Amino acid sequence: MLRVKDEEGSMSKSRDYQDGPLSEDYSENELELYQQYRAGKYGEHSTGWNSDDDDDGSYAGSSMRKRAVKVKHVKRREKRSEKKKEENKPRKHKPKQKHRDRVRHPERAEVRDSGGARQCLGPGCVEAARANSKYCSDDCGMKLAANRICEILPQRIQQWQQSPCIAEEQGKKLLERIRREQQSARMRLTEMEKRFHELEGIIAKAKQQVVQHDEEVNEGDDDTDLQIFCVSCSHPVNPKVALRHMERCYAKYESQTSFGSMYPTRIEGATRLFCDVYNPQSKTYCKRLQVLCPEHSRDPKVPADEVCGCPLVRDVFEPTGEYCRVSKRKCNKHYCWEKLRRAEVDLERVRVWYKLDELFEQERNVRTAMTNRAGLMALMLHQTIQHDPITTDLRTNKDR
């Protein structure tokens, strides 16, 4: 029995070698055999394999089965190699937007892929849309926008009217406060204009006074050896001429700088505020106070018989109704008092005008915000969802 089995094994091996080694180049018969094997035609329970009637058929069937299994394994290796090649290739990712458009609007994607022209989205229009546009013309786009506004706007207006606008109420309160501040600023400006004219009347009245030489003698008796330092140049000066020296020194340093604007001052009813002298080199208008500008205004020469005329006061602020009757050239206590008084009034007027301009700008901004809040764009782009129809005021109890 053992010898017979060994002989059968040797015969099968010799037949396999006679048929030739298995290679990856297969004939058409081998491929058909592999397809039949996959279909189960030559399975274990089929009569085509291992038939008891014919021993030779069993030898041939075993060799054919081996060839079919070999073909199957080679096909699997080829598929694995193809998969590896595909994985090694760089992947081309498509833009996300195109993918989203194809998912949301498959019909549009088909039209784009086919290269056909899209239909215009205008109401009732059957024309083809322009390149890189949804409409065939601007009129179609305007018609569609108008239809959307007519459809959505009435509902938004109704929602706007149902709940009170807190910002609108705050804007009204802010406008009332701004108007009160404007009224007080106008009253202040009227007061400063009155002071301006009063000062001019005082200066005109002071010039009519007569010089008294006795007061000049008393003025010259206060000679001391004290010295003070100038705030501009730091030089020691005598107290008698300190004001005169500091004023001239300040004017010298102030003239080295310039304060200009491209536009002249245009204020209705305002007189003698800014210098407004045009500089052709810098193409600007001087914005110093006219009475203090050392660059474009010079102090006039004082005649010998001109009186000082400064109003005298008691306890710093209480006017006495009298005037300084010392010669203007020799009076060191009240040097340039007219210019300083005028500059004080003019500076206060400028501040009030700046305050009025700021208040006008605030009022304009508030009115613009209130207009845009209930405008077309705001109603179309914004919406307040009121979940409780009974409660109209959406604020908390603390904010009310």
**Request:** Could you grab me the full set of residues in the range 142-163 that are in contact with a Ser or Thr (Cβ under 8 Å, 6 or more places away or on another chain), more than 16 Å from GLY375 (Cα to Cα) and either β-branched (Val, Ile, Thr) or open to solvent by less than 90 Å² (accessible area, probe 1.4 Å) (or both)?
**Result:** SER163
**Item:** Meets criteria (open to solvent by 30 Å² or more (accessible area, probe 1.4 Å), at pLDDT below 90 and assigned to a strand (DSSP E or B)) for PRO319
**Value:** yes
**Request:** State all residues of the range 140-172 that are hydrophobic (A, V, I, L, M, F, W, C) and without any contact (Cβ under 8 Å) to a residue 24 or more places away in the chain; if no residue qualifies, say none.
**Result:** CYS140, MET142, LEU144, ALA145, ALA146, CYS150
**The lone exception for GLU181 - which of (1) closer than 30 Å to LEU340 by Cβ; (2) more than 33 Å from the chain's Cα centre (by Cα) it fails** = (2)
**Only listed residue being within 19 Å of LEU347 (Cβ to Cβ) and either under 39 Å from the mean Cα position of the chain (by Cα) or loosely packed, with under 14 Cβ neighbours inside 10 Å (or both), chosen from ARG288, ARG266** = ARG288
**Prompt:** Going by the conditions given, is PRO311 of a type outside the set (Val, Ile, Thr) and exposed (fewer than 13 other Cβ atoms within 10 Å of the Cβ)?
**Reply:** no
**Asked** Can you tell me how many residues in the range 342-369 are under 30 Å from GLN170 (Cβ atoms), more than 21 Å from the chain's Cα centre (by Cα) and of a type outside the set (Val, Ile, Thr)?
**Response** 11
**Message:** Exactly one condition in (1) outside any helix (DSSP H, G or I); (2) more than 31 Å from the chain's Cα centre (by Cα) is false for THR190; which is it?
**Reply:** (1)
**Request:** Check MET192 against each of (1) over 27 Å from LEU359 (Cβ atoms); (2) in contact with a Lys or Arg (Cβ under 8 Å, 6 or more places away or on another chain) and name the one condition it does not meet.
**Result:** (1)
**Item:** Selection within the range 228-275 - within 17 Å of LYS333 (Cβ to Cβ) and acidic (Asp, Glu)
**Value:** GLU247
**Item:** Residue list for the range 328-378, restricted to those being in contact (Cβ under 8 Å) with a residue 60 or more places away in the chain, aliphatic (A, V, I, L, M) and within 30 Å of GLN208 (Cα to Cα)
**Value:** VAL345
**Asked** Restricting the range 173-190 to residues that are open to solvent by 50 Å² or more (accessible area, probe 1.4 Å) and touching a residue at least 60 places away in the same chain (Cβ under 8 Å), which is farthest from LEU347 (Cα to Cα)?
**Response** LEU174
**Prompt:** Taking the range 120-141, which residues are over 30 Å from ARG373 (Cβ atoms), open to solvent by 60 Å² or more (accessible area, probe 1.4 Å) and part of a helix (DSSP H, G or I)?
**Reply:** ASP139
**Request:** Considering only residues that are in a loop (DSSP other than H, G, I, E, B) and small (Gly, Ala, Ser), look in the range 251-301 and name the one that is modelled with the highest pLDDT.
**Result:** SER282
**Complete:** Exception for CYS233 within (1) at pLDDT 85 or above; (2) part of a loop (DSSP other than H, G, I, E, B); (3) in contact with a strand residue (DSSP E or B) (Cβ under 7 Å, 6 or more places away or on another chain) falls at (3)
**Asked** Within the range 332-347, is there a residue that is hydroxyl-bearing (Ser, Thr, Tyr) and assigned to a loop (DSSP other than H, G, I, E, B)?
**Response** yes
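The values are calculated or read from the model by the stated rules, or taken from the named source; none is laboratory data. For clarity, every value in this text was computed on a predicted model and none was experimentally measured. Because the Cβ atoms are built from the backbone with ideal geometry, glycine has one as well, and the counts that use them run over all protein chains shown. Just so you know, the surface numbers come from the protein's heavy atoms only, side chains and all, with ligands and any DNA or RNA stripped out. Shrake-Rupley method; radii C 1.70, N 1.55, O 1.52, S 1.80 Å.
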